[in-house]
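The values are calculated or read from the model by the stated rules, or taken from the named source; none is laboratory data. These numbers come from a predicted model, not from an experiment. Cβ sites come from the backbone with ideal geometry, for glycine too, and all protein chains shown count toward neighbours.
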Amino acid sequence: MERRAFIVMTLAAVGWPLAVGAQQKMPVIGWLGGPSSQAASNLAAFRQGLRETGYVQEQNVAIEYRWTEGHPDRAPELAAELVARKVDMIAATGDASALAAKSATSAIPIVFFSGGDPVATGLVASLARPGGNLTGVSIMVVELMAKRLELLSEMVPQAKVIALLVDPNDPNARRFIAEVQDAAQAKGLRLHILRASTETEIDGSFASLVQLNAGGIVVAFFRWREQLVALAARYAVPAIYVQREFAAAGGLISYGPSVAAAVHQLGIYAGRILKGEKPADLPVQQPTTFELVVNLKTAKALGLTIPPSILARADEVIE
């Protein structure tokens, strides 16, 4: 009897840690983003960043998704859902999602992907010392708007009128407009501001380009890629976009940092925070390299000759 009791106690002692380990809760990341149809490459980059820190989806970390689907006004509701779900972290892509997540919780860590200045929008106290429960990556979309106007003007030097298409609901809208207005004034160009926040309004904005006699358009959007590229082709208007994916989809030209690289860094930060680091101690990252992508096929369809100065600087030429 004593021997049997000893064996039972020994097996129990050996098996107990395994049972506890089996019951440990898998951490859950709540992903709060825009259109699900355009998220595949970003999610792959995010998962790769997680993997490099030791986290593999469905093995030792889970991801729950909430999509605004082109309606950023839904972000507060979706952020509240993730908080109620008691996720271990929120990964917010886009300023509207990041601001909604910040408003929803001061306890759950948040990693964000921002197109603007996260200090100016109130996401963090400073880039070097974010403070609070947020950190992430800023890809400087606002700061590069003037450069995009310059590139478009270089592409179509005969154009005296340029349009800027912006979403008035974007937290960075006012800064987009201010940056491009200053750049247009410096170059002696007339600038028309077109505001659109729905697919129908975007259609109407492009239709107005003919009456405005606009020789080109700066597009300050990340979503509705296919629609925007198709409209630029339909109305035969040269357009410059904020990320490579637009040029790859048939857009004329794009200039900006690699979004995939930024979201990859977001995944690394998420993994580090899951391992115990605090968002307040992780500085907001900014890109150091930028991609100039030109689509020669689209230029030919528009009857444009790409200036040698742009071709010489292009990081990628799509033929």
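Observations, loosely collected:
- The criterion of being surrounded by fewer than 21 Cβ atoms within 10 Å (Cβ to Cβ) and in contact with a strand residue (DSSP E or B) (Cβ under 7 Å, 6 or more places away or on another chain) holds for I193.
- Qualifying positions in the stretch 31-86 - charged (D, E, K, R) and either crowded, with 17+ Cβ neighbours inside 10 Å or under 26 Å from W224 (Cβ atoms) (or both): R47, E64, R66, E69, D73, R74, E77, E81
- Taking the conditions (1) among the hydrophobic types (A, V, I, L, M, F, W, C); (2) in a helix (DSSP H, G or I); (3) out of contact with any Leu (no Cβ under 9 Å at 6 or more places or on another chain) in turn, L149 satisfies each one other than (3).
- Residue in the stretch 14-30 that is under 30 Å from V166 (Cα atoms), among the small types (G, A, S) and at pLDDT below 95 present: no
- Failed item, numbered, when R272 is tested on (1) of a type in the set (D, E, K, R); (2) in a loop (DSSP other than H, G, I, E, B); (3) more than 17 Å from N42 (Cα to Cα): (2)
- Residues in the stretch 286-302 that are at pLDDT below 95 and not acidic (D, E): Q286, P287, T288, T289, F290.
- Selection of the stretch 98-150 for residues being over 13 Å from the mean Cα position of the chain (by Cα) and on the phi > 0 side of the Ramachandran plot yields G122, G131, G132.
- Some residue of the stretch 186-201 being within 20 Å of E154 (Cα to Cα) and in a helix (DSSP H, G or I): yes
- Subset of the stretch 198-212 [out of contact with any helix residue (DSSP H, G or I) (no Cβ under 8 Å at 6 or more places or on another chain) and surrounded by 18 or more Cβ atoms within 10 Å (Cβ to Cβ)]: S205, L209
- Residues satisfying the stated conditions in the stretch 258-298, i.e. farther than 28 Å from D88 by Cβ and buried (at least 18 other Cβ atoms within 10 Å of the Cβ): E291, L292, V293, V294, N295, T298
- All positions within the stretch 111-126 that are part of a loop (DSSP other than H, G, I, E, B) and within 18 Å of G256 (Cα to Cα): G115, G116, D117, P118
- Of the criteria (1) in contact with a helix residue (DSSP H, G or I) (Cβ under 7 Å, 6 or more places away or on another chain); (2) surrounded by 23 or more Cβ atoms within 10 Å (Cβ to Cβ), which one F222 fails: (1)
- Cβ-Cβ distances below 9 Å connect the following pairs, each with a first residue in the stretch 62-74 that is without any contact (Cβ under 8 Å) to a residue 24 or more places away in the chain, a second residue that is in a strand (DSSP E or B) and crowded, with 16+ Cβ neighbours inside 10 Å, and a separation of six or more residues or different chains: R74/R66; R74/W67.
- Summed over the stretch 168-195, residues that are of a type outside the set (V, I, T) and farther than 17 Å from G94 by Cβ total 16.
- Number of residues in the stretch 58-86 that are within 23 Å of K25 (Cα to Cα), charged (D, E, K, R) and assigned to a helix (DSSP H, G or I) equals 1.
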